[in-house]
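The values are calculated or read from the model by the stated rules, or taken from the named source; none is laboratory data. A quick note: this is a predicted structure, and the numbers were derived from the prediction, not measured. As a convention, Cβ positions derive from the backbone with ideal geometry for all residues, glycine included, and neighbour counts pool all protein chains shown.
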Amino acid sequence: HLKVCPKRVIPCRLGCAIHDLWAKDQHEHEITVCPRRLIRCDNKECMDVIVAEELSHHLQEQCLKRTVACPNGCGKSFLFEYQSHHLESVCLKRTVACEHGCGETIVFETHKHHWENDCAKREVVCPLGCGTHLRAEFLPEHTGSQCHLRRIECPWGCDVPYYGYNKDEHENELCEKRELPCPMRCGATVVFDQIPEHNKTDCPKRFVECPNHCSTFIRAEDLEEHTTAVCPKRRATCRLGCGETML
């Protein structure tokens, strides 16, 4: 009788840790109460059968039919099973590579603004007014070294403004501070506006008058030899040793 008594104490067969069930209540417990019983997911479209005590976790983390909000914050909600498709193809907040190949990764909803304002591959017009159309990535080089309307700072610091179209003329013909080789070919490099002074006072190739007034004009670099050894009006000491000097 004890083996079949409806009030005998037995454990739950599903392993829920309850060990003092009356035998007559076992079936009811296992189909309606036991946390280890198998039940269907609350989402009607989900066909999963799960342990009752795991339902909450299933609904929050596992059920493909649960509704979730877009993790990118686009404001859309959808069934979890469609999340990958949404993130890859639909979400306005998804990140994508620039379709024009500039190498930037951008948020999809900003791609138009990116193309019109930031993309290195977009076409722009030279801001200096030369009318050239070019890719934005080439603009710094164009405005810095190619545009004929770019303003240039004189490399010699003359403070006279000039532009790309007259660069050669300024630097080769007009700049007062440009450096040139001495026109008398002494080997010196001279600032253009200092050439007259150089030719007058510094150049060893300039012609100077003999200080002895012999009426000879001679190059400055040869003056010492002329006045000491050649000039007919140079002063010389008597060769006989009397100490007198004479012309």
Practice task
Would you check which residues across the range 17-38 are farther than 15 Å from Glu54 by Cα, among the aliphatic types (A, V, I, L, M) and not in a helix (DSSP H, G or I) and list them?
Solution key: Ala17, Ile18, Leu21
Completion exercise
Note on Gly73: of the conditions (1) surrounded by 12 or more Cβ atoms within 10 Å (Cβ to Cβ); (2) within 30 Å of Leu92 (Cα to Cα), unmet is (1)
Exercise for the section: Can you tell me which residue among Gly103, Gly129 is assigned to a loop (DSSP other than H, G, I, E, B), closer than 26 Å to Cys74 by Cβ and of a type outside the set (D, E, K, R)? Expected result: Gly103
Exercise for the section: Evaluate the following for Phe78: is it closer than 30 Å to Glu137 by Cβ and aromatic (Phe, Trp, Tyr)? Expected result: no
Problem - Test: Cys158 is in a loop (DSSP other than H, G, I, E, B), surrounded by 13 or more Cβ atoms within 10 Å (Cβ to Cβ) and at pLDDT 90 or above - result: no
Problem - Residue, nearest to Asp168 (Cα to Cα), within the range 118-154, restricted to residues that are acidic (Asp, Glu) and surrounded by 12 or more Cβ atoms within 10 Å (Cβ to Cβ) - result: Glu137
Problem - Residues of the range 76-95 satisfying the condition of being closer than 13 Å to Val107 by Cβ and among the β-branched types (Val, Ile, Thr) - result: Thr95
Handout entry: Residue in the range 178-195 that is out of contact with any strand residue (DSSP E or B) (no Cβ under 9 Å at 6 or more places or on another chain), among the polar types (S, T, N, Q) and more than 30 Å from His114 (Cβ to Cβ) present
Key = yes
Completion exercise
Of (1) in contact (Cβ under 8 Å) with a residue 24 or more places away in the chain; (2) assigned to a helix (DSSP H, G or I), Cys12 fails just (2)
Fill in the blank from the handout: Subset of the range 180-233, residues surrounded by fewer than 16 Cβ atoms within 10 Å (Cβ to Cβ), more than 23 Å from His170 (Cα to Cα) and among the charged types (D, E, K, R), comes to Arg185, Lys200, Asp202, Glu209, Arg219, Glu221, Asp222, Glu224, Glu225, Lys233
Exercise for the section: May I ask you to say which residue of Glu141, Glu88 is outside the structural domain of Pro71 (by TED's automatic domain parsing), without any contact (Cβ under 8 Å) to a residue 12 or more places away in the chain and out of contact with any strand residue (DSSP E or B) (no Cβ under 7 Å at 6 or more places or on another chain)? Expected result: Glu141
